[in-house]
Amino acid sequence: MPGAERGEPTAWAAGVGVVPLRRASAAELAAISRSRGLGFAPNELARVRDYFRSARRDPTDVELAALAQSWSEHCSYKSSRPILRAAFAGLAPKPRVLGTGDAGVLRFEGEHAYALRIESHNHPSAVEPYGGAATGIGGILRDVLAVGAKPIALADPIFFGPLDLPPAEVPPGVKSPRYLMNGVVAGIRDYGNRVGVPTVSGGIYFDRSFTVNPLVNVGCVGFLPRRRLVPNRAARVGDRLVLVGGLTGRDGIGGVAFASQELTERSEEESRGAVQLGNPIMKEPLIHACLEAFDAGLVRGIKDLGGGGLAAATGELAHAGGFGMRVDLARVPLRESGLRPWEIWISESQERMMLDVRPKDLPALLAIFRRHDVPAVDFGEVTPPPFEVVLVDGAPAAHLRLGFRVDAPPARRRAARRPADRPGAEPHPSDEPLDLFERLVLAPDSLSREGVIRVYDHEVQGRTVVKSLHGRPVSPSHGDAAVLRPRSESWTGLAVTTAAQPWACRENPRWGAAGVVEEAARNLYAVGARPDAFTNCLNFGNPEDPHVLFDFTEATKGLAEGARALGFAVPSGNVSFYNGGLGAEIPPTPVLMATGIVPDLRRAVTSDLKESGDALYLVGATQDALGGSLWARLADWRGLSPPRPDPARTRRLGERLLALGARGRLRAVHDVSDGGLAVTLAEMAFGGGLGFRVDLAGLRRGSPALALAAEGGSRWVVEAGPGDDRELRRAFRGLPLLPLGSVTDTGGALAWGRQALGTVDLEALYPRWRAGVGVP
């Protein structure tokens with residue numbers, strides 16, 4: 001074979017095909033990429049062809065398949081890397097941030113740390129909602145495990161079309177929103193419950209724009225002693241590469257290529273095989289075996305096998321350490337016979353990890369996995385750079401420069417601002433106050449999520465102190481964040497919350513994204529936690545559309561500005577492009593999972609009202625802007641300006657709340673967000689089984705309806721004892737604090753100065769709200 005003098009193989013292993021690429025025209029290159037589902041852009045194909053012309057040979061199907069995985073948008077971030085670096089530079093500061101690998105790792109207290117990561121499984125869940133969501137949970141658990149942490153909590157922000165969408169309005173090839181939601185919730189439930197990790201936070205959002213392409217984002221928090229932190233890179237030439245976990249099959253082949261293109265009406269038929277098959281019964285012993293191996297000091301580097309399978313994980317592990325590798329596909333334990341070498345190399349079968357182990361430690365490591373009944377095989381070795389050598393039973397199947405294969409060329413794309421689409425005059429609500437209150441509270445985005453929350457085990461492991469639902473057992477309601485107790489010997493807590501506002505981001509991506517960071521911070525401050533870190537999942541449309549890339553750039557700027565002003569570290573994140581299809585486009589949807597430190601769990605605060613006669617206050621200034629608000633969505637108003645964020649003020653207000661909470665002066669706190677003051681007051685009253693009497697005139701808005709519906713400004717409703725008025729006023733001197741009214745035994749009495757607006761029948765409203773959006 002030509003090229004032998006350059007160290008290239010002269011013959012290939014049985015079952016390995018050669019693809020005639022070197023002499024192919026541009027049209028022939030495109031046909032090869034299309035027929036094999038490789039997803040290369042024309043300039044990428046030319047780059048690959050030039051590489052093999054230099055090597056004086058044609059590529060094998062194993063090599064081309066691996067290149068396609070590594071150069072996919074999903075694996076390489078080729079459209080977003082420069083934008084992310086520019087926005088988030090300096091937001092993972094050492095020594096506060098201990099690691100930024102597969103998951104971010106931050107100091108907790110003493111010699112302990114916690115890990116956090118969020119990612120998406122959107123396309124698989126659109127095709128097969130149960131399996132797509134389940135394997136999303138499996139993947140995020142591996143990300144946290146891959147830094148040495150034990151998973152202790154899950155979160156699930158998920159987005160669908162309207163549940164009452166008529167069948168005639170569901171596009172061909174698309175599943176109904178109700179079917180998708182039921183399947184996604186069941187997948188999250190079954191995987192999380194069976195593996196023994198509590199789902200403590202999340203959200204369910206509805207909009208027509210998510211009908212074709214639902215979003216399934218999943219987050220995980222892990223906990224570890226700092227000495228257990230494991231890097232995601234190989235350590236030394238000669239180390240063994242050990243494949244542990246589930247068997248390898250045909251599921252998930254081409255998964256990253258599927259995730260790097262828009263959905264079509266044929267996605268169900270053509271891409272179901274790209275959806276992986278989860279196995280939580282294998283995942284639990286895999287976690288235990290890995291943790292035992294970490295504690296024994298047997299693992300020097302680790303990578304989880306997700307998108308791109310063995311090719312991506314092994315290549316990234318070796319390349320991150322500055323090495324090459326030699327592996328043999330014949331050693332991979334298979335679930336079925338007849339797999340071709342390229343299929344084994346890129347299969348995304350689940351529950352697998354790749355470990356870097358010293359040769360002398362190999363027997364002890366294999367013994368641990370044997371004891372836990374988890375497959376483990378010596379797959380290959382770390383070699384000097386620059387090549388990866390892939391064998392099949394000792395015969396070559398691939399021989400590539402590892403840097404060329406792993407480091408995809410950046411995609412240089414154009415960004416352009418969308419044309420403005422503003423109404424002539426900003427509308428304001430003029431609804432009758434009691435009717436508006438009820439419409440906001442009973443809107444699909446406001447209804448109780450109890451029916452979904454109850455199917456998740458949110459108390460397994462015994463760490464959940466403040467639960468997903470706040471309030472009395474007979475009248476649970478929504479809270480702002482869950483609070484965990486990671487260490488039984490300490491009163492320091494870790495709060496976990498999620499936040500998203502796609503509608504505000506659609507109106508102004510930069511302001512909307514900064515508003516999402518503010519919301520996450522408000523949720524944390526509300527339970528008595530100081531914001532510490534967030535991980536982001538950036539869900540956007542096709543990056544080849546200049547408008548989408550402009551929105552993406554603006555949103556990252558807003559997230560970074562909010563993070564800097566509020567003191568958040570940003571140690572990890574995920575980008576999900578190509579969400580859309582069939583003419584549909586999702587709004588810019590940055591989703592956060594945020595964490596905060598609770599100095600003393602005994603001072604944590606919940607959202608439910610506590611005692612009749614207590615005083616109610618509104619902390620923060622109200623803005624009239626209604627862009628992206630629940631009222632605007634119900635009225636079908638688009639093009640309105642969203643509230644202008646002020647994260648620095650949010651931080652000043654939040655710090656005052658923390659100081660008051662530490663002194664025991666706050667009985668209940670709830671942030672004002674989607675649905676405005678109406679939904680906030682209703683949820684607080686529902687949880688406590690109490691009522692309220694409030695005067696809306698003090699908000700100085702144009703009408704009672706606007707006062708109820710406005711969501712702008714970082715605000716909280718606070719309940720305090722009757723004797724604490726002076727202390728609250730002193731704490732918020734120079735900052736906006738408005739006496740709203742008081743807690744009552746029953747009913748929701750609304751007033752506008754001396755004018756009584758009527759009383760909301762909360763007892764009648766609660767069962768209608770609680771019926772919620774449960775799943776059968």
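If you take the residues in the stretch 261-284 that are surrounded by 23 or more Cβ atoms within 10 Å (Cβ to Cβ) and not in a helix (DSSP H, G or I), which one is modelled with the lowest pLDDT?
Leu263
Conditions tested, residue by residue: (1) under 28 Å from Glu561 (Cα atoms); (2) of a type outside the set (A, V, I, L, M, F, W, C); (3) within 30 Å of the chain's Cα centre (by Cα).
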{"residue": "Arg649", "(1), (2), (3)": "yes, yes, yes"}
{"residue": "Leu658", "(1), (2), (3)": "yes, no, yes"}
{"residue": "Ala682", "(1), (2), (3)": "no, no, yes"}
{"residue": "Val718", "(1), (2), (3)": "yes, no, yes"}
{"residue": "Leu728", "(1), (2), (3)": "no, no, no"}
{"residue": "Ala731", "(1), (2), (3)": "yes, no, no"}
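Looking only at the stretch 95-128, which residues are of a type in the set (A, V, I, L, M, F, W, C) and part of a strand (DSSP E or B)?
Kept after step one, since they are of a type in the set (A, V, I, L, M, F, W, C), are these residues of the stretch 95-128: 97-98, 103, 105-106, 108, 113, 115-116, 118, 126-127.
The answer is Val97, Leu98, Val105, Leu106, Ala113, Ala115, Leu116, Ile118.
Results for (1) under 19 Å from Val389 (Cα atoms); (2) basic (Lys, Arg), shown as yes or no for each residue.
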site: Gly15; (1), (2): yes, no
site: Ala31; (1), (2): no, no
site: Gly37; (1), (2): no, no
site: Arg47; (1), (2): no, yes
site: Ala65; (1), (2): yes, no
site: Trp71; (1), (2): yes, no
site: Ser80; (1), (2): no, no
site: Leu98; (1), (2): no, no
site: Phe108; (1), (2): no, no
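So Ala153 clears everything in (1) within 17 Å of the chain's Cα centre (by Cα); (2) open to solvent by 10 Å² or more (accessible area, probe 1.4 Å) except one condition, right? Which one?
It is condition (2) that Ala153 fails.
Hey, could you check the stretch 704-758 for residues that are closer than 16 Å to Ala682 by Cα and part of a loop (DSSP other than H, G, I, E, B) and say which is most open to solvent (accessible area, probe 1.4 Å)?
The extreme case among them is Asp745.
Specify which of the listed residues (Asp671, Asp695) is of a type in the set (D, E, K, R), at pLDDT 95 or above, buried (at least 18 other Cβ atoms within 10 Å of the Cβ) and within 23 Å of Glu519 (Cα to Cα).
Details: Asp695 fails: within 23 Å of Glu519 (Cα to Cα).
Selected residue: Asp671, the only one of Asp671, Asp695 that is of a type in the set (D, E, K, R), at pLDDT 95 or above, buried (at least 18 other Cβ atoms within 10 Å of the Cβ) and within 23 Å of Glu519 (Cα to Cα).
Can you tell me which of (1) assigned to a helix (DSSP H, G or I); (2) open to solvent by less than 30 Å² (accessible area, probe 1.4 Å) is the one Glu763 doesn't meet?
All conditions pass for Glu763, except number (2).
Under 30 Å from the mean Cα position of the chain (by Cα) and crowded, with 16+ Cβ neighbours inside 10 Å, is that true of Glu450?
Details: under 30 Å from the mean Cα position of the chain (by Cα): yes; crowded, with 16+ Cβ neighbours inside 10 Å: yes.
Spelling it out, Glu450 is indeed under 30 Å from the mean Cα position of the chain (by Cα) and crowded, with 16+ Cβ neighbours inside 10 Å.
Say whether the condition of being touching a residue at least 40 places away in the same chain (Cβ under 8 Å), hydrophobic (A, V, I, L, M, F, W, C), over 28 Å from Gly37 (Cα atoms) and assigned to a loop (DSSP other than H, G, I, E, B) is met by at least one residue in the stretch 197-215. Steps first, answer last, please.
Going through the stretch 197-215, the residues touching a residue at least 40 places away in the same chain (Cβ under 8 Å) turn out to be 197-215.
Restricting the remaining residues to those that are hydrophobic (A, V, I, L, M, F, W, C) gives 197, 200, 204, 206, 210, 212, 215.
Within this subset, residues satisfying the condition of being over 28 Å from Gly37 (Cα atoms) are 197, 200, 204, 206.
Applying the additional criterion that residues be assigned to a loop (DSSP other than H, G, I, E, B) yields 197.
Yes; the residues of the stretch 197-215 include at least one that is touching a residue at least 40 places away in the same chain (Cβ under 8 Å), hydrophobic (A, V, I, L, M, F, W, C), over 28 Å from Gly37 (Cα atoms) and assigned to a loop (DSSP other than H, G, I, E, B).
Which of the numbered conditions does Asp608 fail, given that it passes all the others? Conditions: (1) in contact (Cβ under 8 Å) with a residue 60 or more places away in the chain; (2) open to solvent by 40 Å² or more (accessible area, probe 1.4 Å); (3) among the acidic types (Asp, Glu).
Of everything listed in (1) in contact (Cβ under 8 Å) with a residue 60 or more places away in the chain; (2) open to solvent by 40 Å² or more (accessible area, probe 1.4 Å); (3) among the acidic types (Asp, Glu), Asp608 misses just condition (2).
Listed residues Phe379, Phe323; which is in contact (Cβ under 8 Å) with a residue 12 or more places away in the chain, open to solvent by 10 Å² or more (accessible area, probe 1.4 Å) and among the hydrophobic types (A, V, I, L, M, F, W, C)? Write out each step before concluding.
Values: Phe379 fails: open to solvent by 10 Å² or more (accessible area, probe 1.4 Å).
Testing whether each residue is in contact (Cβ under 8 Å) with a residue 12 or more places away in the chain, open to solvent by 10 Å² or more (accessible area, probe 1.4 Å) and among the hydrophobic types (A, V, I, L, M, F, W, C) leaves just Phe323.
Suppose we keep only residues that are open to solvent by 20 Å² or more (accessible area, probe 1.4 Å) and assigned to a strand (DSSP E or B) within the stretch 573-605. Which one would you say is nearest to Ala155 (Cα to Cα)? Break it down stepwise before answering.
Narrowing the stretch 573-605 to residues open to solvent by 20 Å² or more (accessible area, probe 1.4 Å): 573, 582-585, 597, 599-600, 602-604.
Those left that are additionally assigned to a strand (DSSP E or B): 573, 584-585, 597.
Details: Gly573: 14, Ala584: 27, Glu585: 25, Ile597: 17 Å.
My answer is Gly573.
Looking at the stretch 463-477 only, could you name the residues that are surrounded by fewer than 24 Cβ atoms within 10 Å (Cβ to Cβ) and within 24 Å of the chain's Cα centre (by Cα)?
Arg463, Thr464, Val465, Lys467, Leu469, listed by residue number.
Is there a residue being open to solvent by 10 Å² or more (accessible area, probe 1.4 Å) and among the β-branched types (Val, Ile, Thr) anywhere in the stretch 478-488?
no
Could you identify the single residue in Pro587, Pro571 that is out of contact with any helix residue (DSSP H, G or I) (no Cβ under 7 Å at 6 or more places or on another chain) and not small (Gly, Ala, Ser)? Give the derivation first.
Values: Pro587 fails: out of contact with any helix residue (DSSP H, G or I) (no Cβ under 7 Å at 6 or more places or on another chain).
Just one listed residue meets the conditions, Pro571.
Residues of the stretch 615-641 being on the phi > 0 side of the Ramachandran plot and in contact (Cβ under 8 Å) with a residue 24 or more places away in the chain, which ones? I'd like the intermediate steps shown before the answer.
Step one: list which residues in the stretch 615-641 are on the phi > 0 side of the Ramachandran plot, which gives 620, 628, 636, 639.
Scanning the stretch 615-641 gives Gly620, Gly628, Gly639.
May I ask you to list pairs of residues, at least six apart or on different chains, whose Cβ atoms are under 6 Å apart, with the first in the stretch 400-413 being open to solvent by 60 Å² or more (accessible area, probe 1.4 Å) and the second being assigned to a helix (DSSP H, G or I)?
Arg413/Leu549
Cβ contacts < 9 Å: first residue assigned to a loop (DSSP other than H, G, I, E, B), restricted to the stretch 660-689; second residue among the hydroxyl-bearing types (Ser, Thr, Tyr) and open to solvent by less than 10 Å² (accessible area, probe 1.4 Å), any location; separation 6+ or different chain. Result?
Val672/Thr680; Ser673/Thr680; Asp674/Ser446; Asp674/Ser629; Gly675/Ser446; Gly675/Ser629; Gly689/Ser475
Looking only at the stretch 48-58, filter to residues that are under 37 Å from the mean Cα position of the chain (by Cα) and without any contact (Cβ under 8 Å) to a residue 60 or more places away in the chain; which one of those is least open to solvent (accessible area, probe 1.4 Å)? Please lay out each step first, then the result.
Keep residues of the stretch 48-58 that are under 37 Å from the mean Cα position of the chain (by Cα), which gives 48-49, 51.
Subsequent filtering for residues that are without any contact (Cβ under 8 Å) to a residue 60 or more places away in the chain retains 48-49.
Values: Val48: 2, Arg49: 43 Å².
Restricting to residues being under 37 Å from the mean Cα position of the chain (by Cα) and without any contact (Cβ under 8 Å) to a residue 60 or more places away in the chain, the top hit is Val48.
Let's see how each residue does on (1) touching a strand residue (DSSP E or B) at 6+ places or on another chain (Cβ under 9 Å); (2) surrounded by 21 or more Cβ atoms within 10 Å (Cβ to Cβ); (3) at pLDDT 95 or above:
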residue: Val97; (1), (2), (3): yes, no, yes
residue: Gly101; (1), (2), (3): yes, yes, no
residue: Val105; (1), (2), (3): yes, yes, yes
residue: Ala115; (1), (2), (3): yes, yes, yes
residue: Ser120; (1), (2), (3): yes, yes, yes
residue: His123; (1), (2), (3): yes, yes, no
residue: Ala126; (1), (2), (3): yes, yes, no
residue: Gly131; (1), (2), (3): no, yes, no
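Only one of Asp445, Asp435, Asp421, Asp393 is closer than 30 Å to Ile344 by Cβ and open to solvent by 30 Å² or more (accessible area, probe 1.4 Å). Can you tell me which? Working first, answer last.
Details: Asp445 fails: closer than 30 Å to Ile344 by Cβ; Asp435 fails: closer than 30 Å to Ile344 by Cβ; Asp421 fails: closer than 30 Å to Ile344 by Cβ.
That would be Asp393, the only listed residue that is closer than 30 Å to Ile344 by Cβ and open to solvent by 30 Å² or more (accessible area, probe 1.4 Å).
Filtering the stretch 75-90 down to residues that are in contact with a Phe, Trp or Tyr (Cβ under 8 Å, 6 or more places away or on another chain) and open to solvent by 10 Å² or more (accessible area, probe 1.4 Å), which residue is farthest from His319 (Cα to Cα)? Spell out how you get there, then give the answer.
Initially, the stretch 75-90 is screened for residues in contact with a Phe, Trp or Tyr (Cβ under 8 Å, 6 or more places away or on another chain), giving 78-80, 83-84.
Going one step further and asking which of them are open to solvent by 10 Å² or more (accessible area, probe 1.4 Å), we end up with 78, 83-84.
Values: Lys78: 17, Ile83: 23, Leu84: 21 Å.
Residue satisfying both the conditions and the ranking: Ile83.
The values are calculated or read from the model by the stated rules, or taken from the named source; none is laboratory data. Just so it is clear, the structure is predicted and the values come from calculations on it, not from any experiment. Cβ coordinates were reconstructed from backbone atoms using ideal geometry, including for glycine residues, and neighbour counts include every protein chain displayed. In case anyone asks, the SASA skips ligands and DNA or RNA and just uses the protein heavy atoms, side chains included. Shrake-Rupley method; radii C 1.70, N 1.55, O 1.52, S 1.80 Å.
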